[in-house]
1. Quick check for me: using +1 on Lys/Arg Cβ and -1 on Asp/Glu Cβ, what's the dipole size of the protein assembly as shown about its Cα centre, in debye to the nearest 20?
2. Put B:K396, B:K45 in order of accessible area, largest first, 1.4 Å probe: what do you get?
3. Check which residues have an amide H placed less than 5 Å from B:G186's amide H, if you skip close sequence neighbours.
4. For the stretch B:397-408, what does the Karplus curve 6.51 cos²θ - 1.76 cosθ + 1.60, with θ = phi - 60°, yield as ³J(HN,Hα) per residue in whole Hz, taken in order and with x for Gly and Pro?
5. So how tilted is helix B:231-249 from the main axis of chain B? Cα-based, degrees 0 to 90, rounded to 10.
6. Sort A:F91, A:F4 from largest to smallest accessible area, using a 1.4 Å probe on the heavy atoms of the protein chains.
7. Tell me, what is the FRET efficiency for A:L17 and B:V274 to the nearest 0.05, using R0 = 51 angstrom and their Cβ-Cβ distance as r?
8. List, in order, the whole-Hz ³J(HN,Hα) value for each residue of the stretch B:221-227 obtained from phi through the Karplus relation with A = 6.51, B = -1.76, C = 1.60 and θ = phi - 60°; use x for Gly and Pro.
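The values are calculated or read from the model by the stated rules, or taken from the named source; none is laboratory data. Quantities reported herein were computed from a predicted structural model and do not represent experimental measurements. Here the Cβ positions follow ideal geometry from the backbone for every residue, glycine too, while neighbour counts run over all protein chains shown. The accessibility values were calculated without ligands, DNA or RNA, using every heavy atom of the protein model including side chains. Shrake-Rupley method; radii C 1.70, N 1.55, O 1.52, S 1.80 Å.
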Amino acid sequence: MIDFKGIHKTYPGEVPLHVLKGVDLHIDEGELVSIMGPSGSGKSTMLNIMGILDDYDEGEYRLAGRLVKNLNEKTEALYRNELIGFIFQSFNLINFKNAMENVAVPLYYRGVKRKERNRLAMEYLEKVGLAEHWHHLPMQLSGGQRQRVAIARALISHPKIILADEPTGALDSKTTQEVMDMLREVNRKEGQTVIIVTHEQEIANQTDRRIFFKDGVIFKDEK
Amino acid sequence: MRDVIDEVRASMQNNRQRIWLTGFAIGWGMFILVTLLGSAGGIQKGVYKGGNLDMPQLITLATGKTSIPWNGMNTDRMVEMTLEDANALWNQHFDYVANVYPTFNQAVQAVSGSEYVNTSLTGCTPSYIIAQYYKIFRGRDINHTDIEEQRKVCVLSSRMCREMFGDKNPVGCEVIFDGNIFLVVGECRYLFEGYQAISAYAPISTVMALYSPTKPALSMMQVEYAGIEDLDELHHLTSDIRNFISPRIGCSPQDSKALVIRNDFETVINMTKVLSYLGIFVWIIGIATLLAGVVGVSNIMLITVRERTRELGVRRAMGASSGSIIRLVLIEAVIITMIFGYAGMMLGIGLTQLLSAVLGGSVPYFTDPTVEFGMVVGCNLIMILAGIAAGYVPAKRAVTIKLVDALTS
């Protein structure tokens, strides 16, 4: 599903920052993976490259068999829409849209008609237990509820991969566990590949595979 | 499209203060543009109307002192035209000449009962009054029999009738010009509003016999022409008339001071040029004002896009292409511009309509200050272009930010 071969990434600046130093990684379809490492180790950069949110300098990245390099902007947008679902630490919901509209955003860019979009959004809000809050704006929801809306948004377009960057970083322990249960269920029931970047060992322990980053390289990969 | 409009509506509802600020700038610009255009149009129409510029058909001949020696005669001599010159000119049958009007003017005091006015009595021939853009409102015009029999009959302007006879029908009444009793046979009214003069007309033979029996010099002569379509033809006719009349009255055909010839057509051409420059000037001022609004909208849109960087980044992460983001920002700018532009335009049209209704042609050279349909179409196009111009730079800015930076902004 995800193939990294010798991926390098350097952030330019007065002192260029070489973040990824030749990463080789293969993740199969249906895996539940966590990526851990200290701050600045390159784990978030790696997730951004996986999600085609950022580009890389050297190496080769294949996503679902397709080479991700020098793609035009439209194709990148298409891949993000069809192949990937994102869950962010800070939720990244659109503040003037209600829960249902936020969940429906990926479908809007896929050209799904409004009625169908809303029906599916309600279905996914039901799945994450927020159907009765469909009309609430993000600021009217708790942190855990917002993240559940974000999860519903990530799932609604049936992506092959769910990329979660510190999805529980802003949540309390009870809500953290609820979110993790949800992600594990998605992985188990839907067979979607779930990749979670986290600082927390407890979160990592709930995944099937744990990848440890240090100084821009993978130094441990355990199942 | 409904989705896009809903997106824009939601975004606008979320930024109401900003929308009002940007909208005001555009609305004000459009209001100024429309008001200026309407006012300029009112001046143009007023000048055309007041100056009879839409009915140019007269060449006016007047005489003065010679400035060039002619045929052994010195300069600085007064030359004069006579009725014979007018008849001779008519009998030449120049192309395009439809009529020749010799006139003789005399300042008189007109009395009727206890009412009196000081006015000019114009001795003229049939149809002269009509050629001066009057219509015979009551009674009749001066006719050939009046001239042949030197009848003491007259046609008075409506205003003079009002001054002398109030609301009474003046036809059949008598009026005394310097002790001579004239029968009023007609009342004439100027074709255009606002310029009613006190004037009186009588057969030229009668007036000249009364006031200049020994010296049959005309005050002026007018030549009505028809069918001339360009200045070359008019210059040719003017030259023919000058070459014919000048030797008859004893002056050089090159002496433009001795025989002064003025044609309204050339005046119209020159005035039209001035008015078209006025129109262009108004468009420039109006568009410059609108442009200031566009710059304002663009600046505020830039700030907005900066504020919305994260939201637009989220949209891109969810699969929005750059094109759809640019379209979103552009449509928002165009919709803001259109809504407030229309409001400004309607206010401007309303003001010009109000001015038109209130003034009602009472202000000289300012008539019907309303905007034409073509101008409204032009303003619509300008609004759309203004919206695109205002939104393009912010829209491009929105998609040039790296996606990963947008998400963490």
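1. 1700 debye
2. Ranked list, largest accessible area first: B:K396, B:K45.
3. Those qualifying (amide H under 5 Å, at least 5 residues apart or on another chain) are B:R140, B:C154, B:L156.
4. Result, ordered by residue: 4, 4, 9, 8, 5, 4, 4, 5, 6, 4, 6, 9 Hz.
5. So the inclination is approximately 20 degrees.
6. Largest to smallest exposure gives the sequence A:F91, A:F4.
7. Calculated value: 0.15.
8. Going residue by residue, I get 9, 10, 10, 8, 10, 8, x Hz, with x marking Gly and Pro.
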